[in-house]
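Reviewing the structure listed below.
The values are calculated or read from the model by the stated rules, or taken from the named source; none is laboratory data. Since we're looking at a predicted model, the values are computed, not measured. Here the Cβ is made from the backbone with ideal geometry for all residues, glycine too, and neighbour counts use every protein chain on show. Keep in mind that these areas ignore ligands, DNA and RNA; they rest on the heavy atoms of the full protein, side chains included. Shrake-Rupley method; radii C 1.70, N 1.55, O 1.52, S 1.80 Å.
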Amino acid sequence: MRLNKVKQALDTKRITFTYTEEDGCGSLDFLFRGLSFHVWEYQDGEVWGAETNIFSAGRSEDIEGDYESIIEKEILSWPDMMA
C-alpha cells in the first residue's frame, strides 16, 4: 500500500476515496464538495512524484520530493466534511 499519509488525511477529513495500485504506484480518486480530485503517483527513473489537482480542481500539476507531506498538508487545510 502506498500514499499512506494522503489516505490518512482523507480519512481524517471523512472524504471517501478509491485507491488502486499499479506497477508499484498508488492512485487515489475522490470527490470533495462536488469536484473530482486525484493523486496519481509515478516513478520516473529514480524520481518519485505525484500528479494531482488538489490545488486547482481544473489543473493537474506534478509534485516531487516529499510529495506525500505536501499533499497531506493541503488536504488537512480543507474544511471538515459533515459526519
Here the qualifying pairs (Cβ atoms under 8 Å; residues six or more apart or on different chains; first in the range 53-64 and closer than 15 Å to residue 28 by Cβ; second among the aliphatic types (A, V, I, L, M)) come out as 54/39; 54/71; 54/75; 57/35; 63/50; 63/70; 63/71
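Counting just the residues of the range 7-18 that are without any contact (Cβ under 8 Å) to a residue 40 or more places away in the chain and charged (D, E, K, R), which one comes out least open to solvent (accessible area, probe 1.4 Å)? Write out each step before concluding.
Applying the first criterion (without any contact (Cβ under 8 Å) to a residue 40 or more places away in the chain) to the range 7-18 yields 7, 11, 16-18.
Filter once more, so that each one left must be charged (D, E, K, R): 7, 11.
Working: 7: 22, 11: 100 Å².
Looking at residues that are without any contact (Cβ under 8 Å) to a residue 40 or more places away in the chain and charged (D, E, K, R), I get 7.
For every residue, the table says whether it meets (1) open to solvent by 20 Å² or more (accessible area, probe 1.4 Å); (2) not in a strand (DSSP E or B).
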{"position": "1", "(1), (2)": "yes, yes"}
{"position": "20", "(1), (2)": "yes, no"}
{"position": "38", "(1), (2)": "no, no"}
{"position": "51", "(1), (2)": "yes, no"}
{"position": "59", "(1), (2)": "yes, yes"}
{"position": "63", "(1), (2)": "no, no"}
{"position": "73", "(1), (2)": "yes, yes"}
{"position": "78", "(1), (2)": "yes, yes"}
Out of (1) in a strand (DSSP E or B); (2) open to solvent by less than 20 Å² (accessible area, probe 1.4 Å); (3) of a type in the set (A, V, I, L, M), what's the single condition that is false for residue 31? (2)
